[in-house]
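Enquirer: Here you go, one structure.
Derivation of every value follows stated rules applied to the coordinates shown; laboratory data play no part. Predicted model only: the values in this text are computed from it and were never measured. Note that we place each Cβ from the backbone using ideal geometry, even for glycine, and neighbour counts take in every protein chain shown.
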Amino acid sequence: MSNGPKTKPRLAVWLPLILFAGFFALVIWGLVRPADREVASAFIDKPLPEFNLPPATDERPGLATATFKAGKPRLLNVFASWCVPCAVESPQLAQLAGQGVEIDGVAIRDRKPDVARFLAQNGNPFARIGKDDLSQVQLAIGSSGVPETFVVDGKGVIRYQHIGEIRPEDVPLILSKLEEAAQ
Amino acid sequence: MIAELGLAVLWMAAALAVLQLVAGILALRPEGRQVAGLVRPVAVMQGVLVAGALVALITLFLTTDLSVKLVAENSHSMKPFIFKLAGTWGNHEGSMLLWVAIMAVAGGFVALVEKRLPENTLIATLAGQAFVSLGFYAFLLLASNPFQRLPEPAPEGAGLNPLLQDIGLAFHPPTLYVGYVGLSIAFSFAVGALVTRDVGPAFARAMRPWVLGAWIFLTLGITAGSYWAYYTLGWGGWWFWDPVENASLMPWLAATALLHSCSVLASRNALKAWTVMLGVIAFSMSMVGTFLVRSGILTSVHAFAVDPERGSFILALLAIYIGGALTLFALRASTVTEGARFSFVSREAALVFNNVMLCGILGIVLVGTLYPLLTEAMGVKVSVGPPYFNPVSAVFAIPMMLVMGVGPLLRWRQDSFEGKGAGRITLPVGVCALLSAAVLLGVELLAPQIKLLPALGLAIAAGLAPASFLPLRGRNLRRTPLATWGMVFGHFGIAVALFGMASESAFSTERLAAMRPGDVQQVGPYAVKLEGIGPVAGPNWTALEGTVSASYAGAAPSILRPQARTFSNPPGNRTESALKTRWNGQLYAVLGEEGDDGRWQMRFWWKPFVPMIWYGGALIALGGLLALLGRVAADVRRLVATGKIAYRRERQGR
């Protein structure tokens with residue numbers, strides 16, 4: 001029943017090989033494609049949600065959405081004093097701040113004295129720091145952990161999401177994303 | 001010293017594999033007959049040597065020899081014994097060595113015991129096995145040497161991923177590997193049979209125990225892996241259609257189809273080309289699965305441990321072996337396709353139906369797994385999850401399970417539902433079908449909120465469970481062959497697992513609560529009370545442990561202790577859920593984080609009959625084991641009988 005007569009041209013026997021060739025072509029493409037394997041955040045090209053956070057430290061003002069609508073691209077850095085990789089990225093943030101990039105911070109589930117100690121140890125590149133005790137802003141902008149850094153253009157629209165700490169080799173990428181956002 | 005010895009032995013084994021291949025090819029030509037005697041002993045020796053290399057690596061891990069790179073990167077002197085052992089294969093290099101070792105040992109075993117096949121087909125099989133092994137030897141020795149030394153011994157090892165430090169995971173990968181690699185024997189048999197154009201019942205009988213064995217291990221491996229994911233990941237789910245899970249499911253589906261078509265070929269000499277192709281497909285799926293997992297091609301979020309070089313290497317192996325075998329199949333298939341005919345209502349037809357449905361599910365899973373890659377090639381990023389897999393695979397699974405109730409009752413070649421068949425088949429199956437319909441009707445009337453798929457699952461399980469015992473009707477149970485018992489248990493296991501899955505999906509209740517010590521919550525029939533939270537310490541972790549007393553419908557409470565563990569080497573966290581199993585379900589408790597107000601995030605599930613999923617898996621594996629024992633016992637009896645006949649002939653001087 002399943003086997004046809006012998007004389008019939010048996011193209012079907014080549015079918016598995018053809019399917020495998022298709023699979024092969026697909027994964028070859030998958031292996032050599034550009035190394036961008038991150039899933040694009042669903043929040044890219046979406047405006048920031050409305051928020052108004054109280055200051056996380058006495059040295060800097062709190063953070064509100066209005067700050068990001070001033071016409072110039074800014075970085076939004078999600079961090080916490082209890083987060084070890086956040087300390088690792090501070091030289092890179094300092095370098096960016098030194099090149100004139102304006103950086104705002106959101107401190108997640110933190111206490112004022114801890115934030116102050118963290119900034120004293122690692123430097124303070126932030127213009128403003130908002131205190132997000134319930135991770136409300138963090139979740140609303142699609143960040144799942146600390147640290148994460150967002151490039152926000154001058155109209156308050158998220159243009160790029162950097163997951164994990166900014167390593168020295170990531171600095172040019174961040175700068176180029178800021179330039180893109182400025183256009 | 002041990003590392004160097006291991007490496008040397010591995011090279012020797014690779015050299016023997018070359019010899020096995022060359023001698024095998026020569027032996028198949030008329031002028032090379034004299035080297036034919038070489039193939040079997042070489043195959044046995046190769047198995048012994050690789051086993052030696054594996055023992056060397058295990059020794060290095062057990063003694064935590066930190067001058068070896070692999071040990072330093074994956075082990076730690078403070079790790080408990082069992083995880084040092086498991087660390088041997090809990091990494092890329094070690095697992096590839098385990099793979100090669102199982103493959104060579106299995107090949108050696110075939111060389112030692114297989115006497116039924118024509119010698120030429122066996123030699124072609126062993127040459128094929130050597131050819132496949134060689135690729136993996138090359139991969140090990142050239143691209144992932146497990147015995148590499150460090151220039152300076154490391155002061156301390158880096159440890160093992162905390163998620164993997166679990167007793168289930170210590171034995172889950174080797175179990176799956178035995179399954180994957182067991183299928184390589186079926187692959188080699190298929191290639192050997194294609195080379196000598198000798199596809200017949202003898203080939204199917206020789207291949208069947210290997211397929212059965214591999215299938216048992218795959219079943220156990222998948223069942224255990226599912227349970228592991230269920231209790232360690234702390235999400236309360238038991239199957240996520242994750243690429244890694246699909247990678248183990250696809251070979252199982254192919255092996256299940258192969259198992260059934262093997263029995264058609266062995267008993268009826270039909271489905272020749274189809275069985276050979278499934279033999280090729282089953283191991284191909286193992287390799288494809290390994291490739292998809294190892295190359296990192298599908299790990300899209302937070303890609304880690306991606307190694308395109310290794311990926312390319314495995315892909316090259318895939319192209320050579322799968323491409324080669326499928327080409328051979330296409331060239332030779334026309335000469336092996338003729339088989340015995342059968343009518344539309346017959347056991348063969350039911351098994352063909354089962355095969356087509358299984359291959360349908362296999363296709364669904366493969367396409368679903370590759371779909372994100374496919375759409376990305378067209379510029380769209382998507383992820384594919386249960387909303388696709390569940391209904392689409394059910395389209396194939398449900399008809400298959402319906403036929404499963406009838407198929408085993410049908411006679412080979414030709415049968416009928418009328419006349420004599422009415423009492424034997426139609427009536428009992430009709431009763432089971434009525435049972436299914438009654439359950440479906442009952443669910444729809446009493447609990448209309450239950451979705452269609454779980455309702456259908458409950459209904460089919462209710463009919464299939466009694467139907468799976470029908471083949472025993474009217475038989476002398478003592479004389480029923482073990483293989484038949486195996487089939488009955490296997491099919492019953494499917495019904496049991498299906499019931500568990502449907503029940504979990506239909507009746508689970510979840511409760512998420514922020515609790516202070518002393519607070520009480522109601523979860524299904526359970527009243528759970530958070531008694532307290534305290535620190536505990538293990539050999540290489542510390543944890544916060546919640547003490548939860550759970551009382552079932554007012555009965556005396558039992559204590560659950562969910563933990564949030566923190567591992568130090570390497571640093572990492574893992575939730576250790578706590579389970580309370582009753583005959584009618586499981587209470588599942590997870591300890592979350594502490595909120596600012598001193599309340600703890602607690603998560604509870606009451607999952608009625610969820611353990612049936614894994615009991616079902618175990619029953620399926622038990623069915624496979626019974627069938628395997630039955631087949632092997634029959635083979636041994638026949639061997640003994642032919643031995644006796646030969647002995648008598650010799651004595652009588654004939």
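Enquirer: Starting at 0 and stepping by 20 Å, how many percent of the alpha carbon pairs of the protein assembly as shown end up in each bin?
Expert: Bin by bin from 0 Å, the calculated values are 13, 40, 34, 11, 1, 0.
Enquirer: Could you go through region A:150-162 in sequence order and give the Karplus-derived ³J(HN,Hα) for each residue, using 6.51 cos²θ - 1.76 cosθ + 1.60 with θ = phi - 60°, rounded to whole Hz, and x for Gly and Pro?
Expert: 10, 8, 10, 6, x, 9, x, 9, 5, 10, 7, 10, 9
Enquirer: Loop only by DSSP, 15 or fewer other Cβ within 10 Å of the Cβ. Give me the GluC sites (Glu not before Pro) in region A:37-129 that pass, ordered by residue number.
Expert: Within region A:37-129, the qualifying GluC sites (Glu not before Pro) (loop, at most 15 other Cβ atoms within 10 Å) are A:GLU38, A:GLU50, A:GLU59.
Enquirer: Pick from A:LEU31, A:LEU96, A:LEU11: which is most flexible by mean-square fluctuation in a GNM of chain A where alpha carbon atoms under 10 Å apart are linked?
Expert: A:LEU11
Enquirer: Among B:639-650, B:187-198, how do they line up from the highest to the lowest mean number of other beta-carbon atoms within 10 Å?
Expert: Answer by packing, highest mean first, reads B:187-198, B:639-650.
Enquirer: With a ≥ b ≥ c the root eigenvalues of the C-alpha gyration tensor of chain B, is it rounded (a/c under 1.5), prolate (a/b larger than b/c) or oblate?
Expert: It comes out oblate by the Cα gyration axes.
Enquirer: Determine the dipole magnitude for region A:52-182: charges of +1 sit on the beta-carbon of Lys and Arg, -1 on that of Asp and Glu, nothing else is charged, the reference point is the Cα centre, and the result goes in debye to the nearest 20.
Expert: 320
Enquirer: What's the FRET efficiency of A:GLU180 with B:LEU629 using the Cβ-Cβ distance as r and R₀ = 60 Å, to the nearest 0.05?
Expert: Using R0 = 60 Å, I get an efficiency of 0.35.
Enquirer: Determine how many Å³ per residue the convex hull of the Cα atoms of region B:502-591 encloses.
Expert: 119
Enquirer: Let me ask something else. Among the Cys residues of the protein assembly as shown, which have no other cysteine Cβ under 4.7 angstrom away?
Expert: Cys with no partner Cβ under 4.7 Å: B:CYS262, B:CYS359, B:CYS432.
Enquirer: What lysines does B:LYS580 reach when the alpha-carbon gap must be under 24 Å and sequence neighbours fewer than 8 apart in one chain are set aside?
Expert: Output for B:LYS580: B:LYS529, B:LYS607.
Enquirer: Report, in whole Å, the centroid distance computed from the Cα atoms of region B:47-66 and region B:425-496.
Expert: 48
Enquirer: Each residue of region B:595-602 in order: what ³J(HN,Hα) in whole Hz does its phi give by Karplus 6.51 cos²θ - 1.76 cosθ + 1.60, θ = phi - 60°, with x for Gly and Pro?
Expert: x, 5, 8, x, 9, 9, 6, 10
Enquirer: Going 7 Å from the Cα of B:ARG413 along its beta-carbon direction, which residues of region B:323-356 have the amide nitrogen within less than 11 Å of the resulting point?
Expert: Residues B:341-343 qualify, since their backbone N sits under 11 Å from the label point.
Enquirer: Here's another thing I want to ask about it. Which residue, B:GLY179, B:ALA143, A:GLN99, has the largest displacement toward the positive end of the dipole of the protein assembly as shown when charges sit on each Cβ (Lys, Arg +1; Asp, Glu -1)?
Expert: B:GLY179
Enquirer: Return the lysines within reach of B:LYS644: Cα separation strictly under 19 angstrom, same-chain partners fewer than 8 residues apart disregarded; answer none if there are no such residues.
Expert: Partners within reach: B:LYS115.
Enquirer: Work out the charge dipole of chain B with +1 on the Cβ of Lys and Arg and -1 on the Cβ of Asp and Glu about the Cα centre, then indicate which of B:LEU326, B:VAL548, B:PHE61 is farthest towards its positive end.
Expert: Working it through, the farthest residue towards the positive pole turns out to be B:LEU326.
Enquirer: Would you be so kind as to identify which of B:THR566, B:ALA202, B:LEU456 lies farthest towards the positive end of the dipole of chain B, taking Lys and Arg as +1 and Asp and Glu as -1 on Cβ and the Cα centre as origin?
Expert: The listed residue farthest towards the positive side: B:ALA202.
Enquirer: Let me know the whole percent of all Cα-Cα pairs from region A:52-182 that are separated by more than 17 Å.
Expert: Within region A:52-182, distances greater than 17 Å cover 52 percent of Cα pairs.
Enquirer: Ok, one more. Amide H to amide H, which residues 5 or more places from B:GLY585 or on other chains are under 5 Å from it, using H placed in the peptide plane?
Expert: B:PHE609
Enquirer: Another one. Quick one: of A:LYS69/A:LYS112; A:LYS155/A:LYS177; A:LYS46/A:LYS112, which pairs are farther than 20 Å apart, Cα to Cα?
Expert: A:LYS69/A:LYS112; A:LYS46/A:LYS112
Enquirer: Check A:GLY105: other-chain or 5+ apart residues with amide H under 5 Å from its amide H, H built from backbone geometry?
Expert: A:ASN77, A:ALA127, A:ARG128, A:ILE129, A:GLY130
Enquirer: Let me ask something additional. Cross-link partners among aspartates and glutamates for B:LYS84, C-alpha distance below 13 Å, same-chain residues fewer than 8 apart left out?
Expert: Here the aspartates and glutamates satisfying the reach criterion relative to B:LYS84 are B:ASP65, B:GLU73, B:ASP166.
Enquirer: For chain B, which DSSP H helices look membrane-span-like by this rule: Cα extent along the axis of 24 Å or more and mean Kyte-Doolittle of at least 1.6?
Expert: B:2-27, B:36-62, B:92-113, B:427-446
Enquirer: Across peptide A:19-26, what mean number of C-beta atoms from other chains lies inside 10 Å of a residue's C-beta?
Expert: Whole-number average of other-chain Cβ neighbours for A:19-26 is 5.
Enquirer: Just how many % of Cα pairs in region B:1-165 lie over 26 Å apart, if you round to the nearest whole percent?
Expert: 35
Enquirer: Would you mind working out the magnitude of the charge dipole of region B:481-639 relative to its Cα centre, with +1 at each Lys and Arg C-beta and -1 at each Asp and Glu C-beta, to the nearest 20 Debye?
Expert: The dipole of region B:481-639 has a size of about 620 debye.
Enquirer: Here's another thing I want to ask about it. Hey, what did region B:56-194 get for relative contact order, percent, Cα under 8 Å, at least 6 apart?
Expert: Worked out over region B:56-194, it gives 43 percent.
Enquirer: In the protein assembly as shown, what percentage of the DSSP-assigned beta bridges are antiparallel, given to the nearest 5?
Expert: Here the antiparallel bridges make up roughly 85 percent for the protein assembly as shown.
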